[in-house]
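Right, one structure below, let's go through it.
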Amino acid sequence: MSSGKKTILRLYFILSFIFVLNGCLYYFKQISLRGYYSDVILFWIWLFMNFVVILVFWKKIMAKLLLAALVLTLVFSIIPMMIPFYALVLSTTPFGLNMYKNLNEKYRAQIVGYSVMTSPWLEVIEKKGIIEKRIFKCTDSQLMNDNLEVKIRTAKNIIFNNETDSTITLTLFYAGPSKTFTFNKKTGNITAQTFSRKNLIQKFEGTWYNETEKSYLSFYFEKGYDYATANTWTGDLNKKENIDAYKAFIKDGKLMLPVENSDHHAPYCEIDVKYGVLIYTCNQGLNFSDTSINTKKPLLITKYNRVTE
């Protein structure tokens with residue numbers, strides 16, 4: 001074997017080792033080369049070297065087996081509805097990257113999507129020299145938001161706010177509203193989110209109707225106050241009877257009725273909107289002690305649909 005062929009073979013084995021090591025580190029430890037395009041470039045260089053080796057060593061049986069393995073990999077990625085094929089293409093080209101944002105010297109964020117079956121997700125990555133480590137991944141389902149405009153895939157910009165030992169706070173900007181989320185670094189779950197008054201009005205606006213109880217519900221948000229005025233009534237939409245008004249305090253993008261156990265007894269309740277349905281959840285029975293929703297005890301859940309006039 002000539003020295004040139006030995007050099008090509010040595011270079012191929014070194015690249016293959018780096019490629020496999022990089023893949024294993026990412027799969028088991030979420031560690032990879034720094035930057036989105038580093039992995040992309042590494043893949044294409046490695047793939048190119050495969051064909052160089054095949055051409056240079058074509059007379060060898062191993063070269064033919066290598067070509068067969070590459071072709072079979074491509075074929076088997078296409079057979080199951082092309083889902084693996086699209087994942088391969090999106091993860092090894094710029095097409096899988098929706099947004100790339102350097103948050104500061106320590107962190108960067110990216111919105112990526114490597115599947116045609118799922119929506120893009122947010123990744124926050126810590127820079128560590130020539131390598132980096134993914135801190136967490138967050139999907140649309142974790143945003144806990146009913147506004148179709150507030151989705152990870154529709155974000156226009158991301159900025160870093162602050163961090164603690166266990167959390168990191170980011171603001172996602174959209175065409176209209178912006179939202180601030182506090183993420184758990186280990187799980188990516190949202191531990192808190194900040195709603196503007198505009199977001200809350202948009203979320204709870206309109207009149208809501210419960211078919212079973214034949215009752216209506218609406219909310220009024222007054223600027224500068226930490227609560228909304230809730231109005232409930234029976235009768236017709238425009239002919240209000242037996243109107244009852246009370247305060248529903250704002251808490252983490254929801255409305256909350258605190259527990260009362262003095263002169264007037266009332267359980268703790270939370271009001272939220274999910275998938276276009278208003279869900280009114282209260283601790284049931286004589287539970288006047290719990291200051292939050294206790295899922296280990298009976299709950300009273302009432303659902304309202306938004307009235308379309």
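The values are calculated or read from the model by the stated rules, or taken from the named source; none is laboratory data. What you see is a predicted model, and the numbers here were worked out from it, not measured in a lab. Virtual Cβ from ideal backbone geometry, glycine too; neighbours counted across all protein chains shown. We work out accessible area using only protein heavy atoms, side chains counted, and drop any ligands, DNA or RNA first. Shrake-Rupley method; radii C 1.70, N 1.55, O 1.52, S 1.80 Å.
Considering the conditions (1) modelled with pLDDT under 85; (2) in contact with a helix residue (DSSP H, G or I) (Cβ under 7 Å, 6 or more places away or on another chain), residue 88 is excluded by exactly one of them, (1).
Of all positions in the range 1-15, none carries a residue that is surrounded by 10 or more Cβ atoms within 10 Å (Cβ to Cβ), among the small types (Gly, Ala, Ser) and part of a helix (DSSP H, G or I).
Are there strands (runs of 3 or more DSSP E) fully within the range 223-263 with at least 3 residues that are open to solvent by less than 50 Å² (accessible area, probe 1.4 Å)? List them.
227-235, 254-257
For the range 268-288, the candidate set comprises residues that are in a strand (DSSP E or B) and touching a Cys at 6+ places or on another chain (Cβ under 9 Å); within that set, the residue that is surrounded by the most Cβ atoms within 10 Å (Cβ to Cβ) is 283.
Residue by residue, here is whether (1) open to solvent by 70 Å² or more (accessible area, probe 1.4 Å); (2) modelled with pLDDT under 80; (3) acidic (Asp, Glu); (4) within 26 Å of residue 274 (Cβ to Cβ) holds:
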position	(1), (2), (3), (4)
114	no, no, no, no
128	yes, no, no, no
134	no, no, no, no
147	no, yes, no, yes
151	no, no, no, yes
155	no, no, no, yes
177	no, yes, no, yes
183	no, no, no, yes
194	yes, yes, no, yes
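When residue 28 is tested against (1) more than 27 Å from residue 96 (Cβ to Cβ); (2) among the aromatic types (Phe, Trp, Tyr); (3) without any contact (Cβ under 8 Å) to a residue 24 or more places away in the chain, exactly one condition is not met: (1). With respect to the stated conditions, residue 85 fails to be open to solvent by 30 Å² or more (accessible area, probe 1.4 Å) and within 21 Å of the chain's Cα centre (by Cα).
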